[in-house]
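The next block holds one structure in the form of structure tokens; read it before the comments.
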Amino acid sequence: MPEQIGVGIIGCGNISAAYMRLAPLFRGFEIRACADISEEAAKARAAEFGLRAETVDGLLAADDIDIVVNLTIPAAHFEVSSRILDAGKHVYSEKPFVLSVEEGYRLAEQARSKGLRIGSAPDTFLGGSHQLARHLIDGGAIGKVTGGTCHVLSHGMEDWHPNPDFFFKPGGGPILDVGPYYITNLVQLIGPVKRVAAISATPSPERTITSQPRRGEKIKVETPTTFHALLEFENGAAVSLGASWDVWRHSHSPMELYGEDGSLFLPDPNFFSGDVKMTMKAEFSDAFPAWEHPMSVVNEGDGDNGVANYRAAGLADLAQAIIEDRPHRCSLELSLHVVEIMTAILQSGEDGRFKTLETRCERPQALSPAQAAALMA
Ligand SMILES: NC(=O)c1ccc[n+]([C@@H]2O[C@H](COP(=O)([O-])OP(=O)(O)OC[C@H]3O[C@@H](n4cnc5c(N)ncnc54)[C@H](O)[C@@H]3O)[C@@H](O)[C@H]2O)c1
């Protein structure tokens, strides 16, 4: 295997710029070409980042591309990933990986039969803060995790995304869109989920776009926009997850985990970094290890608005895992389990029943500061 794996991107919309901008931070892969159903979109991104613009067919046939990153809209993820595997290339998909477990099983079988790998975002759980939480939990700092709460509550996506329609159609909604960050982080910290239940609601049947360039246009809402879900983990932990685009303001923290000996307060798992707080029993503690994690370093924005953004870390781990012949962390098993948790929450919201899950996964391997540094250029 080469030291640099050639990467192509299908889907040259909003998030593609982040992958193209951040890729040089990492070792093991190089983005060489991009494609989109809209050839203009592909040409524009290619010109911006010095890449080769291809048609989708051209990119799938290219000899210098071994991993294709699927950055299309959620409703196209299955079909595009299936075409990538058909073309004999590894897939790295943006979240949500697919929209049903059945689609996931079909891609898994396709990949298995061709000896190819599938990886999927989110990769934010590889960030320094979430890996510090993992290190503390694995070291027994708060004892066995027995419960927790997660809150991802806002007033929606129509105020910032230029084409926000897909957020309000089947395949969108806050569970499939932002749920992957929270649920994936919970699974890496606590382990697999056994069963879920949920209440869902759609308070507004129509949304008005307030972002440019489509300000004033209406979107018909075709998927619930508020969820209150319960997750029971294999280890017995009980966690509640509130996910909504119908809340103007709230004062909950993004993620709290309660253990037999203390509590952990985690930052928003939509980002790689932020403050981690811990208590020993009821008292706040600063018994943190030295933690020079390179994916905690703020690299975008200034002052209070600064964030650590290492999107593409999961892609780098996949590329290096292929080179080193080891498992990758943003794995098929993890993403398939997260898809089943999310779709079971959606189903429970419809029929009011608890759902016992059929998939499970091992927790992905932790990413220590030294291992994170090895992923980086
Ligand atoms: N925008 C973000 O901040 C963000 C962050 C994290 C993850 N994501 C995820 O990334 C994915 C893309 O999001 P986005 O915001 O970039 O969307 P977008 O609508 O801005 O871009 C999607 C692009 O995919 C292209 N496309 C659609 N169907 C296609 C097909 N069948 N073949 C080829 N190209 C096709 C579209 O023409 C468009 O250019 C989604 O799954 C989303 O959940 C987005």
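The values are calculated or read from the model by the stated rules, or taken from the named source; none is laboratory data. All of these numbers come straight from a predicted model, not from anything done at the bench. Glycine gets a Cβ as well: all are built from the backbone with ideal geometry, and neighbour counts include every protein chain shown.
Just to verify a result, which residue in the range 94-122, among those that are more than 8 Å from the ligand (Cβ to nearest atom) and small (Gly, Ala, Ser), is nearest to PRO327 (Cα to Cα)?
Here the residue is GLY119.
Which one of ILE10, ILE73, ILE15 is within 11 Å of the ligand (Cβ to nearest atom), farther than 27 Å from SER113 by Cα and not assigned by TED's automatic domain parsing to the domain that holds THR343?
On inspection, the qualifying residue turns out to be ILE15.
Which one of these is within 18 Å of PRO269 (Cβ to Cβ), in the same structural domain as SER253 (by TED's automatic domain parsing) and away from the ligand (no atom under 16 Å from the Cβ): VAL145, VAL152, VAL178?
Going through VAL145, VAL152, VAL178 in turn, the sole match is VAL145.
Looking only at the range 249-267, which residues are under 23 Å from the mean Cα position of the chain (by Cα) and closer than 18 Å to ILE137 by Cβ?
SER253, PRO254, MET255, GLU256, LEU257, LEU264, PHE265, LEU266, PRO267
Search the range 214-232 for residues that are polar (S, T, N, Q) and pair each with any residue that is in a loop (DSSP other than H, G, I, E, B) when their beta-carbon atoms are under 6 Å apart and the residues are at least 6 apart or on different chains.
Listed by first residue and then by second, the contacts come to THR223/PRO170; THR223/GLY172; THR225/THR202; THR225/TRP245; THR225/ASP246; THR226/ASP246.
From the list ASP64, ASP86, ASP57, which residue is more than 23 Å from the chain's Cα centre (by Cα), within 12 Å of the ligand (Cβ to nearest atom), acidic (Asp, Glu) and more than 23 Å from PHE166 (Cβ to Cβ)?
On inspection, the qualifying residue turns out to be ASP57.
Exactly one of (1) in contact with a strand residue (DSSP E or B) (Cβ under 6 Å, 6 or more places away or on another chain); (2) under 28 Å from HIS337 (Cβ atoms) is unmet by ILE219. Its number?
(2)
Name the residue that is farthest from GLY314 (Cα to Cα), counting only residues in the range 33-44 that are surrounded by 19 or more Cβ atoms within 10 Å (Cβ to Cβ) and not aliphatic (A, V, I, L, M).
By that ranking, first place goes to ASP36.
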